[in-house]
1. Which residue is surrounded by the most Cβ atoms within 10 Å (Cβ to Cβ), if the candidates are limited to region 2-15 and must be touching a helix residue (DSSP H, G or I) at 6+ places or on another chain (Cβ under 7 Å) and assigned to a loop (DSSP other than H, G, I, E, B)?
2. Which one of the conditions (1) touching a strand residue (DSSP E or B) at 6+ places or on another chain (Cβ under 8 Å); (2) in contact (Cβ under 8 Å) with a residue 24 or more places away in the chain; (3) part of a helix (DSSP H, G or I); (4) more than 15 Å from residue 13 (Cα to Cα) does residue 78 fail to meet, given that it meets all the rest?
3. Scan region 50-69 and give yes if some residue there is in a loop (DSSP other than H, G, I, E, B) and within 24 Å of residue 29 (Cβ to Cβ), otherwise no.
4. What number of residues in region 31-54 are exposed (fewer than 14 other Cβ atoms within 10 Å of the Cβ) and either touching a residue at least 40 places away in the same chain (Cβ under 8 Å) or within 10 Å of the chain's Cα centre (by Cα) (or both)?
5. Using the structure shown, decide if residue 18 is loosely packed, with under 12 Cβ neighbours inside 10 Å, at pLDDT 95 or above and not in a loop (DSSP other than H, G, I, E, B).
């Protein structure tokens, strides 16, 4: 599985999200390749799942079923919650 953290510029915010996704996946015992990028570079075939903040999710070209939206990009607990919900659906 490939997971892509996405932010507006593809720099600090998405990298922080990538690290928090990796922490959450480790706690959930799920293995995945995790990377980060900016919204303008996102292609739906780049990953199986895209994680992005609420403010940019609506602007994405990615199908909604491949997106996990987070409100607080620094909350590992929220990443755990949202990823658990995604993998249990």
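The values are calculated or read from the model by the stated rules, or taken from the named source; none is laboratory data. For clarity, every value in this text was computed on a predicted model and none was experimentally measured. Glycine gets a Cβ as well: all are built from the backbone with ideal geometry, and neighbour counts include every protein chain shown.
1. Kept after step one, since they are touching a helix residue (DSSP H, G or I) at 6+ places or on another chain (Cβ under 7 Å), are these residues of region 2-15: 3-8, 10.
From what's left, assigned to a loop (DSSP other than H, G, I, E, B): 8, 10.
Working: 8: 15, 10: 17.
Residue satisfying both the conditions and the ranking: 10.
2. With (1) touching a strand residue (DSSP E or B) at 6+ places or on another chain (Cβ under 8 Å); (2) in contact (Cβ under 8 Å) with a residue 24 or more places away in the chain; (3) part of a helix (DSSP H, G or I); (4) more than 15 Å from residue 13 (Cα to Cα) applied to residue 78, the lone miss is (2).
3. Initially, region 50-69 is screened for residues in a loop (DSSP other than H, G, I, E, B), giving 58-63.
Adding the requirement that they be within 24 Å of residue 29 (Cβ to Cβ) leaves none.
The answer is no, given that none of the residues of region 50-69 is in a loop (DSSP other than H, G, I, E, B) and within 24 Å of residue 29 (Cβ to Cβ).
4. Restricting attention to region 31-54, the residues satisfying the condition of being exposed (fewer than 14 other Cβ atoms within 10 Å of the Cβ) are 31, 33, 40-41, 43-45, 48, 54.
Restricting the remaining residues to those that are either touching a residue at least 40 places away in the same chain (Cβ under 8 Å) or within 10 Å of the chain's Cα centre (by Cα) (or both) gives 48.
So the answer is 1.
5. Values: loosely packed, with under 12 Cβ neighbours inside 10 Å: no; at pLDDT 95 or above: yes; not in a loop (DSSP other than H, G, I, E, B): yes.
No: the conditions fail for residue 18.
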